[in-house]
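The values are calculated or read from the model by the stated rules, or taken from the named source; none is laboratory data. Small disclaimer: the values here were computed from a predicted structure and weren't measured. In this analysis, Cβ positions are derived from the backbone assuming ideal geometry, glycine residues included, and neighbour counts consider all displayed protein chains. Note: areas computed on protein heavy atoms with side chains; ligands, DNA, RNA excluded. Shrake-Rupley method; radii C 1.70, N 1.55, O 1.52, S 1.80 Å.
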Amino acid sequence: MRYPDKDLTHLQNTLGVSFKDPTLLERALIHDSYINENPGLAPISNERLEFLGDAVIGLIVTRKLYHDFPDYPEGKLTNLRAALVKRATLFRIAEKINLGQHLFLGKGEEANDGRKKIPNLAGAMEAVIGAIFLDQGLEVASQCMLSLMHQEYDRLPKNGLPPDNKSQLQEWVQSRFQQPPAYHLIESSGPDHARWFTVEVRIGERTLGQGSGRSKKEAESEAARKVLEQLED
């Protein structure tokens, strides 16, 4: 099986992982748009590794939270985990290590700012962790993920999460407009195991902001978060 010729030494150094099978790392970076244009060079995209990495990251974060917060009930642990494994968080981590520059993209996706898209970067981050898990095992994958995630982890409120974004935005909107904000699904795309939803939040006919996520609930929360950030600015 042939893969594109790309030097990923710098990325391995950034991750702190030296792959026994470098083709696993290469596969983790292959977007399906590249497959469409180069089926002979790269017959397999990163979607299967993305599926695996999603589960591995969930386990890594769950184990970390379970040990660090022994007095927290399930509900609080679930909220903390959701904040760490959501795609917006993984996107920020991927941006921090310049993962986008290593992606294999088709020409159309490249021209459409594919190296900066949340689904591409967050999905590649999951795929990379999935590749590390296959190549090095759970403990090395855990060390790598927690090292990359430490800033996000340290920002977690230690007494639990504040009110969620949608609740905060609803309180603000209702206090000023005497009506709740409305969320409208405007796009749904991607394979079944990695659906991607885009939502607008509106007051009447006025659009306040837009957000995306792997579920409608996550997309709505992300839209609300962006509006709250604009209000703070």
Pick from the stretch 77-96, criterion open to solvent by 80 Å² or more (accessible area, probe 1.4 Å) and farther than 21 Å from A131 by Cα, ranking: modelled with the lowest pLDDT: N79
Pair list, Cβ under 7 Å, 6 or more apart: the stretch 131-143 residue at negative phi, other residue modelled with pLDDT under 95 and among the basic types (K, R): A131/R27
Residue that is farthest from L228 (Cα to Cα) [pool: residues in the stretch 192-213 that are modelled with pLDDT under 90 and open to solvent by less than 20 Å² (accessible area, probe 1.4 Å)]: A194
Flag if L77 is without any contact (Cβ under 8 Å) to a residue 60 or more places away in the chain, part of a helix (DSSP H, G or I) and among the aliphatic types (A, V, I, L, M): yes
Close pairs (7 angstrom Cβ cut-off, 6 or more residues apart or separate chains): touching a residue at least 60 places away in the same chain (Cβ under 8 Å) in the stretch 34-52, β-branched (V, I, T) anywhere: A42/I30; A42/I35; N46/I30
So G53, is it open to solvent by 40 Å² or more (accessible area, probe 1.4 Å), at pLDDT 95 or above and closer than 19 Å to N98 by Cα: no
Scan of the stretch 95-127 for residues that are of a type in the set (D, E, K, R) and either over 17 Å from P191 (Cα atoms) or touching a residue at least 40 places away in the same chain (Cβ under 8 Å) (or both), ordered by number: E95, K96, K107, E109, E110, D113, R115, K116, E126
Any hit, the stretch 122-133, residues being hydrophobic (A, V, I, L, M, F, W, C) and touching a Pro at 6+ places or on another chain (Cβ under 7 Å): no
The stretch 148-166, subset closer than 16 Å to E229 by Cβ and outside any loop (DSSP other than H, G, I, E, B), residue modelled with the highest pLDDT: K166
I60 being under 14 Å from the mean Cα position of the chain (by Cα), within 16 Å of H150 (Cα to Cα) and not charged (D, E, K, R): no
Selection status of L121, farther than 25 Å from D68 by Cα, open to solvent by less than 30 Å² (accessible area, probe 1.4 Å) and part of a helix (DSSP H, G or I): yes
Residue in the stretch 176-184 that is open to solvent by less than 50 Å² (accessible area, probe 1.4 Å), more than 30 Å from P70 (Cβ to Cβ), assigned to a helix (DSSP H, G or I) and not basic (K, R) present: no
Count - residues of the stretch 22-81 that are of a type in the set (G, A, S) and touching a Leu at 6+ places or on another chain (Cβ under 7 Å): 2
